[in-house]
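Engineer: I have a structure here, written as structure tokens, and I will follow up with some questions on it.
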Amino acid sequence: MIGIVCSTADQASVTIAEELLDLVDWTESEPGVYHHGAFELREFDRLHLELDEVAAAFDDPEYVVVASKHSGDSGPLLSAHFTGNFGDAEYGGEPRSVSQPAPGALKHVIRELDYLAPEPYEVAMECTHHGPTEYGAPAMFVELGSGPEQWDDSVGGRAVAQAILSLAGVGPDAERTFVAVGGNHYAPQPTRLLLETDAAIGHVAADWSLEELGDPEANRDLVQALFERSNTSAAVFDGDYPEVAAVLESLGYEIVSETWIRETSGVDPAVVERMESQLGTVESGLRFGERTATEDLDVRALPDELLDAAAAIDPADTVATVAAHTVAYQSEENGNRVGDRAALPDEAAYDALIDGLLGLLEREFETVKRVDGQVIAEREGFDPALAAERGVPEGPLFGRLAAGESVTVDGETIEPETVSSRETQRFDV
């Protein structure tokens, strides 16, 4: 069961509650208490910030969703966040304490808000801030903002209500969760990761949160609580925070990059670990292909000269061809060029990869064939030596002849076919 908290002291919460009650049929078991499927909605007279241990008011909820207003200068905004205080408890909860988040549920609701948001609303995950810090269950705030006009907006309120109701069947946890460190209040990096990768985000310590935290070494307990309550051992940084990084390292937590999260999105963690041990790290250029890993992976060198020839024709399609037939491969130039080695599920995958590269060569070569461990590609092409013999100077005229255009040199017309020869290229595979 999912508990929904609505406060009659909060105009946005009232708006969201009205839309929730209008969207589906509810059974009112007592004044201000409604039931629908997996949901129990309760109205409270007090502000949400004052509702410590609110889960006890419900019938054993798996997690709690607090429908609330967002207040700020951010313009029309639909948002969600977890709660906690990195310093004093000015707005509810306990000082230097964080709540138990619901990362899987928040990821789902942010994606739904992004899909449902009407113009001109933006969508964001916010950093961890304000209370309560103890609900008695995992919890999150889902908000309508950022000012009085939006708090009373039924269209924005309906989008929030629809996103909340879409949580039926969605649990509080996620397979991959990260604590986020750095960035501004509206957590642009975590929001990107929620929308574009398989990652879920637990607590978010924004730049201003770290200022309130103070010396991370002196507040190791709170730093550790961010991870323990988020049920993760890894963090992603938006910026450089050496003092925080030192504390995380001493506590045994891992720091990963946004690139690492993106490149490993949807990949079995065991495969990621295995490939990083055999082919190098994601940071050094490891990328993952489309094939499924097998017990007897074939990690082998790739035919570099053939790859170079294919990349000269179409670099993007060369990378795509390698990715289509490999489990993982080394890359260069930020993943835009294939490196030296790859992991393939079997010999048939390697043959299919070579056939794919041959298909790229066929775009520019007249004949391409594979014979006795070699690829032989032939074509009629511009011959600089023949052009030089005809008195054509190097430079733009070479380029025009290579493009199939005739040129004039000292009053003589030089046709491209008169300065071309049969070119044969061989590639060991």
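The values are calculated or read from the model by the stated rules, or taken from the named source; none is laboratory data. Bear in mind the structure is a predicted one, so any value in this text is a computation, not a measurement. Neighbour counts run over all protein chains shown; Cβ positions are idealised from the backbone, glycine included. Ligands, DNA and RNA are excluded from the accessible area calculation, which covers all protein heavy atoms including side chains. Shrake-Rupley method; radii C 1.70, N 1.55, O 1.52, S 1.80 Å.
Engineer: Taking region 81-138 as the search range and keeping residues that are among the aromatic types (Phe, Trp, Tyr) and in contact (Cβ under 8 Å) with a residue 40 or more places away in the chain, which one is nearest to Gln224 (Cα to Cα)?
Structural biologist: That would be Phe86.
Engineer: So how many residues does region 323-352 have that are open to solvent by less than 10 Å² (accessible area, probe 1.4 Å) and among the aliphatic types (A, V, I, L, M)?
Structural biologist: 6
Engineer: Continuing with this model, one more query. Determine, yes or no, whether Val368 is over 21 Å from Pro315 (Cα atoms), open to solvent by less than 60 Å² (accessible area, probe 1.4 Å) and in contact with a Leu (Cβ under 9 Å, 6 or more places away or on another chain).
Structural biologist: It is false that Val368 is over 21 Å from Pro315 (Cα atoms), open to solvent by less than 60 Å² (accessible area, probe 1.4 Å) and in contact with a Leu (Cβ under 9 Å, 6 or more places away or on another chain).
Engineer: Follow-up. Ile261 fails exactly one of the following numbered conditions: (1) out of contact with any Leu (no Cβ under 9 Å at 6 or more places or on another chain); (2) within 24 Å of Thr281 (Cβ to Cβ); (3) open to solvent by less than 10 Å² (accessible area, probe 1.4 Å). What is the number of that condition?
Structural biologist: The single condition Ile261 does not satisfy is (1).
Engineer: Can you tell me which condition Glu175 does not meet? The list is (1) over 17 Å from the mean Cα position of the chain (by Cα); (2) surrounded by fewer than 19 Cβ atoms within 10 Å (Cβ to Cβ), and all the others hold.
Structural biologist: If we test Glu175 against (1) over 17 Å from the mean Cα position of the chain (by Cα); (2) surrounded by fewer than 19 Cβ atoms within 10 Å (Cβ to Cβ), just (1) comes out false.
Engineer: Let me ask something else about it. Residue pairs, Cβ under 8 Å, 6 or more apart or interchain, first in region 277-298 and under 16 Å from Ala324 (Cβ atoms) and open to solvent by 50 Å² or more (accessible area, probe 1.4 Å), second part of a loop (DSSP other than H, G, I, E, B) and among the β-branched types (Val, Ile, Thr). List them.
Structural biologist: Here the result reads Glu290/Thr326; Arg291/Thr326; Arg291/Val327; Thr292/Val327, each pair linking region 277-298 to a residue that is part of a loop (DSSP other than H, G, I, E, B) and among the β-branched types (Val, Ile, Thr).
Engineer: Answer with yes or no whether Ala9 is within 27 Å of Pro148 (Cβ to Cβ) and either without any contact (Cβ under 8 Å) to a residue 24 or more places away in the chain or not β-branched (Val, Ile, Thr) (or both).
Structural biologist: Here the answer is yes, as Ala9 does meet what is asked.
Engineer: Same structure, new question: Taking into account only those residues within region 299-317 that are in contact with a helix residue (DSSP H, G or I) (Cβ under 6 Å, 6 or more places away or on another chain) and crowded, with 18+ Cβ neighbours inside 10 Å, which is farthest from Ile354 (Cα to Cα)?
Structural biologist: Ala311
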